[in-house]
Amino acid sequence: METKLTLSSVSVFISTLKYKLLIIFIILNSATTLAQTCNAKLDVLKGRKTRSTSNSGTYYKIIITNNGTSNDTYTLSSLNTNDNCSNSDNSSTATNVVLNISFVGNNLSPITTISINSGETLSFLVNVTVPSGTSFNKWCCTQITATSSICTSYNVNTTLHTLVINSNDD
């Protein structure tokens with residue numbers, strides 16, 4: 001029996017092959033994306049989450065570790081959490097104050113993101129400043145969050161507790 005190849009049969013074969021290769025590509029790409037895990041740790045250096053500050057402000061050194069399987073860039077944000085935190089001295093949060101928060105690299109340049117290789121640990125600073133007219137002996141609770149750019153619903157956070165003091169008190 002003789003096999004006869006026609007242009008039409010070759011065209012159908014190639015079209016079917018393209019379709020199958022496309023399906024295989026989609027499956028492999030999905031598997032790679034699903035296998036990607038986002039995992040990080042965010043903490044304050046030496047666990048020092050509580051500080052006092054005068055009107056001149058203070059810095060917290062934050063340590064972030066990328067335990068995920070891929071290099072990632074994290075977007076940094078802060079949130080005042082005075083309504084759902086506990087002050088370090090167990091005083092009432094009803095009179096807590098709002099402080100200004102910004103992020104800077106270790107060279108004191110402003111940052112909003114930090115890129116970290118898989119398995120790497122880096123640090124950055126949270127700069128806390130006191131708005132003019134802020135009452136003394138008041139607390140502020142601030143949640144610091146790092147949100148993954150790969151897994152956009154994944155984030156890690158830590159809460160800072162800052163007491164505003166009067167540096168002129170003897």
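The values are calculated or read from the model by the stated rules, or taken from the named source; none is laboratory data. Small disclaimer: the values here were computed from a predicted structure and weren't measured. Note that each Cβ is placed from the backbone with ideal geometry, even for glycine, and that neighbours are counted across all protein chains shown. Side chains included, ligands, DNA and RNA excluded: accessible areas come from the protein's heavy atoms. Shrake-Rupley method; radii C 1.70, N 1.55, O 1.52, S 1.80 Å.
Summary of computed values
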{"quantity": "Which numbered condition Ser70 misses (of (1) closer than 24 Å to Phe136 by Cβ; (2) in a loop (DSSP other than H, G, I, E, B))", "calculated": "(1)"}
{"quantity": "Subset tally (residues that are over 14 Å from Thr142 (Cα atoms) and open to solvent by 20 Å² or more (accessible area, probe 1.4 Å)) for region 73-83", "calculated": "2"}
{"quantity": "Thr65 in contact (Cβ under 8 Å) with a residue 60 or more places away in the chain and not in a loop (DSSP other than H, G, I, E, B)", "calculated": "no"}
